[in-house]
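Read the structure below first, then the notes.
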Amino acid sequence: MNWIIIVIAGFFEAAFAFCLGKARMTTGTEMYLWYVGFVVALCISMVLLVKATQTLPIGTAYAVWTGIGAVGTVLAGIFIFKEPVTFSRIFFLSTLIISIIGLKVVS
């Protein structure tokens, strides 16, 4: 169950990074709404991380949490913010995903 929690926490980490990106692109009330989304996603992500680390090793849980957040943020950058897709980015994104899976397998 805590592995599911850490995955969900990682998705919320990507969500708060996404909100920061959207806030940067907007102004006025809309910008503040994206900042509210950032704070909400940040709080949910942190609470879930704390919950998961009650039974998972902190090093593994934190690495998986940040890895999922990083992968989600890069994918959001590519698909939503139209960041460039290069061989290097895909290669290193793939190694990050393999590393996350590896940590789950050995834990």
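Quick note: the coordinates plus some simple rules give every number you see, no bench work behind them. What you are looking at is a predicted structure, and each value in this text was computed from that prediction instead of being measured. Ideal geometry is used to build each Cβ from the backbone, glycine not excepted, and the neighbour counts take in all protein chains shown.
Some observations on this one:
- Region 2-106, dipole about Cα centre (Lys/Arg Cβ +1, Asp/Glu Cβ -1), debye to the nearest 20: 80
- Taking the C-alpha atoms only, the angle from helix 28-52 to the longest principal axis of the chain is near 10 degrees.
- Karplus-derived 3J(HN,Hα) values for region 71-87, using 6.51 cos²θ - 1.76 cosθ + 1.60 with θ = phi - 60°, are 4, x, 5, 5, 5, 5, x, 6, 7, 9, 9, 6, 6, x, 9, 10, 4 Hz; glycine and proline are entered as x.
- Each of W34, W65, W3 was scored by other Cβ atoms within 10 Å of its Cβ. Listed from fewest to most, they are W3, W34, W65.
- Burial order of peptide ranges 76-89, 16-29 (average beta-carbon count within 10 Å, highest first): 16-29, 76-89
- For a straight C-alpha distance cut-off of 17 angstrom, the aspartates and glutamates reachable from K51 (same-chain residues fewer than eight places away being disregarded) are E13.
- Whichever lysines have a C-alpha closer than 19 Å to that of K82, once near sequence neighbours (fewer than 8 apart) are set aside: K22
- Expected 222 nm ellipticity per residue - DSSP helices of 4 or more, -39500 (n - 2.57), all of the chain, to 500: -29500 deg cm²/dmol
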